[in-house]
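Structure record follows, encoded as structure tokens.
The values are calculated or read from the model by the stated rules, or taken from the named source; none is laboratory data. Remember, it's a predicted structure, so these values are computed and weren't measured experimentally. Just so you know, the surface numbers come from the protein's heavy atoms only, side chains and all, with ligands and any DNA or RNA stripped out. Shrake-Rupley method; radii C 1.70, N 1.55, O 1.52, S 1.80 Å.
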Amino acid sequence: MKSLLLAGAVMVTAGTSAFGADYWVVGDRASNKCEIVTSNPVINAQVGGNIWFGSGPYRSLDDAKLARTTLSACPKVEQPSSDAGDEDKLD
């Protein structure tokens, strides 16, 4: 009986992970940014749409974020420098 319950639990776990959310990285021409979406994008740049490329699917949000940083089509996000607020401390 325990083996049947264990087998059932394994099946439920495997089944729910198969239906988990997938992520895509898309290039949005209107905002000039790469965005992460959870639905399969429709690439429609040829007919005047805003989505001009899509990459994916990725299994986790972390994988999609990593892909967004490595895609050459995505504009680089400027990180604020850590010494920007240090000018006031010099006085």
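Numbers below:
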read-out: For Arg29, distant residues with modelled amide H under 5 Å away; value: Ile51, Trp52
read-out: Derived scalar couplings ³J(HN,Hα) [region 52-58; Karplus, 6.51 cos²θ - 1.76 cosθ + 1.60; whole Hz; x for Gly, Pro]; value: 10, 7, x, 9, x, x, 10
read-out: List Leu66, Leu71, ordered by accessible area with a 1.4 Å probe, largest first; value: Leu66, Leu71
